[in-house]
């Protein structure tokens, strides 16, 4: 149930209409991406002269290809699409992805009419349409992609009405350690739409977290039901594009979508236990948190703040984000006193690392004790100390403690997040330290957030999702 | 008037008590920082054996130094500070900066009593105290610093009750192009306090923008007056640390401060036209915006969104942040039509760059026309396309347009902000492109923000500050 669209992600062969040997053309990038990702079936370049592209034999039409063609990517101009549909019909093509744009989104009546005619002809021929005006499918396990992204498959599935936003999400979040099961940019959605894709990802066994960027909905009640069903099974994070007046105007000229009322959206998402986000930054943060974190049992957070000011800001940010900054319980205090000096009582939550030397306590011991306490549901630890080191040696010393936290995280049965600024640094050796820390965090399943605010917000919303799901 | 503290920033000579030849010690870093920044007067290392540090002759006490000593940095243990004060008194030292910590902030009564005794003795000797429990003064024009920061002076002045937060601000914001006039970490503030420093920075001709991180206030009514006076003269951005319950507890153990009521703070800041921020990220963003931007005449923004989805998100983020995403006025439409094809009417604000090819219009022409229109007060343009390029050559092509925007910004009499993701990238050539773009933006006076949300928020608050100041 729900996997009706499976054929879209498992074509045996793909033809690229408008394939070109010019590396600046999209019709080149589609062929390149399939080769780069090692698509296992045949790829057929189609262009007017049947020219070879990237070493692959070309054909002048889809119908000319001697073998079966399951999937066609269209990078031809809008005016050539009707002929392409007829061509696809002859070959019993199952899916036609229209990268081709300039249809209803232009606001021109004739372009909108052409779009409708394309839909009618495709439906008559039993061809399902993806788009138009979209980047298409990324399915790394099957070697399908439209750009050179990570080849490594993962568990996060994404539907996005914007191709550019999906590119940004795939690129930036891959660097931060997220790996994707399937991602689809679906544009104007004249046939395959948000409900089809959401139902599919909810049922897909490869997908355990779902993210979405949606501008408008074609299928009101069905989509609302799909939201509820999906969020009951898997964490579902959605950005609604076009929530403001100006945004509403912008979605009309982007994907010809009707944005819908802000209030209706917000109510629907909240009632369905969907994590609603306002921007791509938050969307990425939530996917990262859900991919890596064990479900939090509540909102009580133990914090290693780093210095004093950061500890204060950590406390403020966590409480503002809805987390409870739980004071050190008396039984832990006693343990601190046994191990530490008379200054042990000075230690509190957030832990200010700068006061520890000489107290007989260190941050790792304290965190390990807190991790065992039933009073804490999760941990947020700070490692943003890049600027306190003038050279690689002193930086290595400063990074000992974050490394120890990451080792600890692997053993914990509670979620932990690491805060570390990831702004491009002045020196390459600093960037390399960041990259190494990032690799280790991914290995240990710890999400890294570039600011306390973002860590606190993501971890709190993650806990809320699981709490709501439990009480439903 | 207001420059009473000027002596603190202009010592003729500095002694470092607790100076050490061990590079891991703070007493080493203070000497190193003064040498690195080229402090023009003599620097005297003081330690028990009178040992040389970094090639400078050492002394066993301040009193032993044969020349006058204006300023002393204390990196000795708390128990040694009373003797140090007596020693300073003999030499008629004017300022004693106590990096030394573990006083009232520990919560121990004897430590708090010691702190008071230090204050009494210093006052009797006419010595002004900075701290204790603080990093001290950064005044690059005068070669004063406590760490190796940028040597280049600028116009942003900062007071911070946290040394760690100030380090982060100086480091991260220097990379983003902010240059500082004077910055002071002032810790427990038993003598020199927030009001002294704020009054000074408000009067200081080197300072044209003020930022602050404050945990507690020693001087209620005087500080409130200083807030009003400062914000009426210069943009003033403040983060109040310890605004939550957990934060209130944390400030007590950090700088022994009384956090004060959230509501009182918020009201005071609002009534004084102070830009109140909740975290270091926003503090940095606002200082960047104020340093670079010409005062905005209003909140109407023209946006180059990049792709369609980013344009939608730009519209949503700007409107949510209080900006007005002004539609293209009819007279501009006419210009577009004259220059463009039948698709010219498709172009709107935000400008979706992906629809422009073939319309006869390009983003630079459109932005130049919008810049001349009285309907726009500011511009936010997106350049976050790093992920759309597989190699340096295609990246260079993608960066042509952001470069053109930066050139344009230099000629505009309206503020412009650039949005560009600054996450450390996979390849070093990508990081180098980011660095180059950053250098050029600094040269042209354009703030770069890593997300639309942050650009919109900072630009809107900047405009609000100037609007409020005008109507007062």
Exercise for review: For residue B:438, work out the one condition from (1) part of a helix (DSSP H, G or I); (2) in contact with a strand residue (DSSP E or B) (Cβ under 8 Å, 6 or more places away or on another chain); (3) more than 10 Å from every other protein chain (Cβ to nearest Cβ) it doesn't fulfil.
Suggested key: (3)
Revision key, fill the gap. Out of (1) closer than 30 Å to residue B:435 by Cβ; (2) touching a strand residue (DSSP E or B) at 6+ places or on another chain (Cβ under 8 Å); (3) in a helix (DSSP H, G or I), the one residue A:443 does not meet is (2)
**Study point:** Number of positions in region A:82-114 that are away from chain B (no Cβ under 13 Å), more than 13 Å from residue A:130 (Cα to Cα) and outside any loop (DSSP other than H, G, I, E, B)
**Key:** 10
**Study point:** Scan of region B:424-435 for residues that are surrounded by 15 or more Cβ atoms within 10 Å (Cβ to Cβ), free of Cβ contacts under 8 Å to residues at least 24 places away in the same chain and more than 7 Å from every other protein chain (Cβ to nearest Cβ), ordered by number
**Key:** B:432
Practice item. Out of the residues in region A:275-290 that are surrounded by 22 or more Cβ atoms within 10 Å (Cβ to Cβ) and under 20 Å from residue A:470 (Cβ atoms), state the one that is nearest to the other protein chains (Cβ to nearest Cβ). Key: A:286
Practice item. Please work out if residue A:361 is touching a strand residue (DSSP E or B) at 6+ places or on another chain (Cβ under 7 Å), surrounded by 17 or more Cβ atoms within 10 Å (Cβ to Cβ), modelled with pLDDT of 85 or more and outside any helix (DSSP H, G or I). Key: no
Check your understanding: For region B:118-170, which residues satisfy the criterion of being free of Cβ contacts under 8 Å to residues at least 24 places away in the same chain and within 14 Å of chain A (Cβ to nearest Cβ)?
Key -> B:164
Exercise for review: Would you confirm whether any residue within region B:229-248 is within 13 Å of chain A (Cβ to nearest Cβ) and out of contact with any helix residue (DSSP H, G or I) (no Cβ under 7 Å at 6 or more places or on another chain)?
Suggested key: yes
Check your understanding: Condition test on residue B:262, is it surrounded by fewer than 19 Cβ atoms within 10 Å (Cβ to Cβ), away from chain A (no Cβ under 13 Å) and touching a residue at least 12 places away in the same chain (Cβ under 8 Å)?
Key -> no
Exercise for review: Give region B:314-346 a look and list any residue that's crowded, with 18+ Cβ neighbours inside 10 Å, touching a residue at least 12 places away in the same chain (Cβ under 8 Å), in contact with a helix residue (DSSP H, G or I) (Cβ under 6 Å, 6 or more places away or on another chain) and within 13 Å of chain A (Cβ to nearest Cβ), or say none.
Suggested key: B:314, B:315, B:317, B:318, B:321, B:323, B:325, B:344, B:346
**Study point:** Unique residue being within 11 Å of the chain's Cα centre (by Cα), at pLDDT 95 or above and closer than 22 Å to residue A:420 by Cβ when the list is B:160, B:174
**Key:** B:160
Exercise for review: Scan region B:152-179 residue by residue and report those that are part of a loop (DSSP other than H, G, I, E, B) and surrounded by 24 or more Cβ atoms within 10 Å (Cβ to Cβ).
Suggested key: B:161, B:162, B:178
Check your understanding: Got a sec? Which of A:195, A:183, A:189 is away from chain B (no Cβ under 12 Å) and on the phi > 0 side of the Ramachandran plot?
Key -> A:189
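The values are calculated or read from the model by the stated rules, or taken from the named source; none is laboratory data. Being a predicted model, the structure only gives us computed values, none of them experimental. Cβ atoms come from the backbone with ideal geometry, glycine included; neighbour counts cover every protein chain shown.
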